[in-house]
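Just below is one structure, and these are the notes that go with it.
The values are calculated or read from the model by the stated rules, or taken from the named source; none is laboratory data. This one's a predicted model, so the numbers in the text were calculated from it and none came from an experiment. Don't worry about glycine lacking a Cβ; one is built from the backbone with ideal geometry, like all the others, and counts go over all protein chains shown. Accessible surface areas use protein heavy atoms only, side chains included; no ligands, DNA or RNA. Shrake-Rupley method; radii C 1.70, N 1.55, O 1.52, S 1.80 Å.
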Amino acid sequence: MVVPGEFLSYEEEFMPGKNTFSLDGQVYSALVGYAEFDDNERIVGVKAIKSARAAGVGTHVLARVMLVKESAVLVQVMTAFKDTEKRVFSPTYASIYVAHVSSSYVKNLRDEFRKGDIVKAMVAEVTPYGIKLRTNEPSLGVIKGFCSHCRNELHLNGQNLRCLKCNAEETRKISTEYVL
Ligand SMILES: [Zn+2]
């Protein structure tokens, strides 16, 4: 599934078809729908989804941490879903403010998230300035973390996470659905 402005292909590989536009030799989707690549004609088009609904409050997202600031974490949303139904999330960037991170006191956001971590979060608020997410539930938070020293995957070790490569121990706002 693609959203407006999402990159589909280079023109050398696939020419722009239905519901797409091209810019500087790159083909983008013009609307929400499913990308369809015609390998014989070398054309990419987008089949519109009329029923696609935007991500509202209560929608779950999986996102990657892009930047950890003092007051908020900036993430890029990879997928959004409500129950099992996929939702459209646009724009793809969202923020998690420090007050929405945990039900316990957060001293330093860098103890809770690091760049590159994969996070499960929920849409808390949709504003004209952007979408705010929250992780202040046990099932929400980091579901896969990466060592801040060597970038290796972190494994769950009691209440903390441990890097099996360099033996570093790190803290996060860990989801009960942590994968390793
Ligand atoms: Zn490490």
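Going residue by residue through the stretch 100-123, is there one that turns out to be under 20 Å from residue 70 (Cα atoms), acidic (Asp, Glu) and within 14 Å of the ligand (Cβ to nearest atom)?
Checked the stretch 100-123: at least one residue is under 20 Å from residue 70 (Cα atoms), acidic (Asp, Glu) and within 14 Å of the ligand (Cβ to nearest atom).
Conditions (1) away from the ligand (no atom under 16 Å from the Cβ); (2) assigned to a loop (DSSP other than H, G, I, E, B); (3) not assigned by TED's automatic domain parsing to the domain that holds residue 104, marked per residue:
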site	(1), (2), (3)
133	yes, no, no
143	yes, no, no
150	no, yes, no
154	no, no, no
166	no, yes, no
178	yes, yes, yes
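What strands (runs of 3 or more DSSP E) lie completely within the stretch 15-111 and have 1 or more residues being of a type in the set (A, V, I, L, M, F, W, C) and surrounded by 12 or more Cβ atoms within 10 Å (Cβ to Cβ)?
Output list reads 20-23, 26-29, 33-38, 43-48, 60-68, 72-82, 93-97.
So which residues in the stretch 125-142 are within 17 Å of residue 89 (Cβ to Cβ) and either in contact with a Leu (Cβ under 6 Å, 6 or more places away or on another chain) or open to solvent by less than 30 Å² (accessible area, probe 1.4 Å) (or both)? Before the answer, list the steps.
To start, the set of residues in the stretch 125-142 that are within 17 Å of residue 89 (Cβ to Cβ) comprises 125-135, 140.
Passing the criteria: 130, 131, 133, 135, 140.
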